[in-house]
Amino acid sequence: MNARRYAVASAALGLAAGLFAAAPASAAAAATPSAQGSSGDVEFSVFDNGSGIPRNSSFRLADLGRHGVPESAVKQLGAGKAPRTAGADAESHVMSGPDDLVGQWKDRDGWTVYLRRGYYDPARDRGFGLTKIEQKHNLTMKAVRATTQYPRPGAAGKQQMNGRPNTYNYFTDVLHVKCSGWWIFKTCRVDKVQAVRAGVDFGAQIPMLPKGVITAYCEGVQGRCPDWVKNAINI
């Protein structure tokens, strides 16, 4: 066994040992090889955060911990269950005006990104901000934040918009994964890749801060993104 395979096997066994050690007797019994639901197929999605999730080769479910996936999600997937996801952000249910801020964070380069409530008029197909992102494109604040924090490497992931020097487009990929086998040793493979774009205006002031996120959507998709994009388990 070469050093790399030994390291991967050791990491997987270490995770397994940690799961058993952390669980009480009743929970440990449920995590044994004979546990109901510990074998079978599972599907999930992850934002590509640059950690090197293989796209063209298989990998073990236990390896997800090295790619920013919480241990609790690995345990649920190992049991053959889809991890619980929060869905739409709690802030999105708070009523406010279109220019009110509903979120802010730092992008990959440390720039502050602002997200406003916005609006969406389906009759005219006009709008901006979180309302348009949720209602037209079926994305969430978490999905937008992940797109700006984990864009593709280099200039390909963050591009200045032609003719608008203060507006940037961010590009990232969401990976849909299928796994089969037993417990955390399931064999996984990426079977779909969906590109996501987010546009952010850092120039226009409302009234003293940039307008922020204009929109975000799935490239090549008319209207609403598939649910598995916003339900990624690592955002």
Checklist outcome for this item: When region 136-158 is checked residue by residue, the ones that are surrounded by fewer than 23 Cβ atoms within 10 Å (Cβ to Cβ) and either without any contact (Cβ under 8 Å) to a residue 12 or more places away in the chain or basic (K, R) (or both) are K136, K142, R152, G154, A155, K158
Checklist outcome for this item: Among residues of region 88-107 being modelled with pLDDT under 90 and polar (S, T, N, Q), the residue surrounded by the fewest Cβ atoms within 10 Å (Cβ to Cβ) is S96
Checklist outcome for this item: Restricting region 193-213 to residues that are crowded, with 22+ Cβ neighbours inside 10 Å and aliphatic (A, V, I, L, M), the one nearest to R126 (Cα to Cα) turns out to be V213
Next on the checklist: Quick check on my filter: what residues within region 68-81 are of a type outside the set (D, E), surrounded by fewer than 18 Cβ atoms within 10 Å (Cβ to Cβ) and touching a Gly at 6+ places or on another chain (Cβ under 9 Å)?
Outcome noted: K81
Next on the checklist: Can you report the number of residues in region 185-223 which are touching an Asp or Glu at 6+ places or on another chain (Cβ under 9 Å), touching a residue at least 60 places away in the same chain (Cβ under 8 Å) and either farther than 22 Å from L139 by Cβ or assigned to a loop (DSSP other than H, G, I, E, B) (or both)?
Outcome noted: 3
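Taking only region 123-158 into account, find how many residues are among the hydrophobic types (A, V, I, L, M, F, W, C) and in a loop (DSSP other than H, G, I, E, B).
To start, the set of residues in region 123-158 that are among the hydrophobic types (A, V, I, L, M, F, W, C) comprises 123, 128, 130, 133, 139, 141, 143-144, 146, 155-156.
Next, only the ones that are in a loop (DSSP other than H, G, I, E, B) stay: 123, 139.
Count: 2.
Does T85 satisfy the criteria of being at pLDDT below 90, polar (S, T, N, Q) and under 15 Å from the mean Cα position of the chain (by Cα)? Walk me through it before giving the result.
Numbers: at pLDDT below 90: yes; polar (S, T, N, Q): yes; under 15 Å from the mean Cα position of the chain (by Cα): yes.
Here the answer is yes, as T85 does meet what is asked.
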Next on the checklist: Residue pairs, Cβ under 8 Å, 6 or more apart or interchain, first in region 159-177 and of a type in the set (D, E), second part of a strand (DSSP E or B). List them.
Outcome noted: D173/F47; D173/V193; D173/Q194; D173/A195; D173/V196
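Based on what the data block shows, is D173 more than 16 Å from the chain's Cα centre (by Cα) and of a type in the set (D, E)?
Details: more than 16 Å from the chain's Cα centre (by Cα): no; of a type in the set (D, E): yes.
No: the conditions fail for D173.
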Next on the checklist: Pairs needed: first member in region 102-120, among the acidic types (D, E); second member anywhere, surrounded by fewer than 20 Cβ atoms within 10 Å (Cβ to Cβ); C-beta distance under 7 Å; at least 6 residues apart or different chains.
Outcome noted: D107/Q149
Checklist entry - If we scan region 168-190, do we find a residue that is β-branched (V, I, T), in contact with a Leu (Cβ under 7 Å, 6 or more places away or on another chain) and buried (at least 22 other Cβ atoms within 10 Å of the Cβ)? => result yes
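The values are calculated or read from the model by the stated rules, or taken from the named source; none is laboratory data. Because the structure is a prediction, the values reported are computed rather than measured. Reconstructed Cβ throughout: ideal geometry from the backbone, glycine too, with neighbour counts over all protein chains shown.
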